[in-house]
1. Mind checking which residues of region 113-143 are more than 26 Å from residue 100 (Cβ to Cβ) and open to solvent by 70 Å² or more (accessible area, probe 1.4 Å)?
2. Can you tell me which residues in region 82-124 are more than 15 Å from the ligand (Cβ to nearest atom), closer than 17 Å to residue 148 by Cβ and not hydrophobic (A, V, I, L, M, F, W, C)?
3. If residue 157 satisfies all but one of (1) modelled with pLDDT under 95; (2) over 20 Å from residue 90 (Cβ atoms), what's the number of the condition it fails?
4. Identify the single condition in (1) in contact with a Gly (Cβ under 8 Å, 6 or more places away or on another chain); (2) more than 10 Å from the ligand (Cβ to nearest atom); (3) hydrophobic (A, V, I, L, M, F, W, C); (4) open to solvent by 30 Å² or more (accessible area, probe 1.4 Å) that residue 79 does not satisfy, given that it satisfies every other one.
Amino acid sequence: MFAHSTTGVHEAVSAAVEGLAGSVPLWAKLSPNVTDLAEMAAAASEAGAAAVTLINTVMGMAIDPASGEPRLGAGGGGLSGPAIHPVAVRAVYECRQALPGLPIVGVGGVQTGEDAAELLAAGADAVQVGTATFADPRAPARVLQELARWCEANGVSNIDRLKGRAHDCS
Ligand SMILES: Cc1cc2nc3c(=O)[nH]c(=O)nc-3n(C[C@H](O)[C@H](O)[C@H](O)COP(=O)(O)O)c2cc1C
């Protein structure tokens, strides 16, 4: 379901929560292609989302300059992978700052354990791996192993001490 305003997010999440009738918790996946993502996350939370997943793809376009034709069949598309990692980090950081109690799943350009650590430090409670699995289906397991090694190398004995660490520095 797509919603382009806080009212739309509230309505969409409320309808989904009502439909699920408490059978499973609802996580709202949010797009970064908005002016204020924290407002969207707040609307999702108020409507009953148990968590938000940040971020979906970033709107992009590629054009063949020789012909002027778009390179993608649909004209534009969603950009994913390493290029959007900083966008994901900022989205997680800003939503964590605005909504300290809302569980956040961070996703966007995670390729290494350190990328996952960065999203956790920004305030994510959990991390997903998307595009990296296209090149390596075992990427999530590798990222987890690397994260464990990163924690060991950086003196992080409890992952909860890493979560939201960036907010202690601001
Ligand atoms: C080919 C492709 C298909 C996707 N399909 C969905 C989808 O159906 N629903 C959704 O919420 N996100 C979808 N996404 C977004 C990803 O779940 C993820 O939020 C985004 O790609 C950023 O993470 P990544 O850089 O690790 O891929 C898709 C991404 C790609 C590249």
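The values are calculated or read from the model by the stated rules, or taken from the named source; none is laboratory data. Remember, predicted model here, so these are calculated numbers, not experimental data. Neighbour counts run over all protein chains shown; Cβ positions are idealised from the backbone, glycine included. Heads up: the accessible areas ignore ligands, DNA and RNA and are worked out on the full protein's heavy atoms, side chains in. Shrake-Rupley method; radii C 1.70, N 1.55, O 1.52, S 1.80 Å.
1. Passing the criteria: 134, 135, 137, 138, 142.
2. Passing the criteria: none in range.
3. The single condition residue 157 does not satisfy is (1).
4. That leaves (2) as the condition not met.
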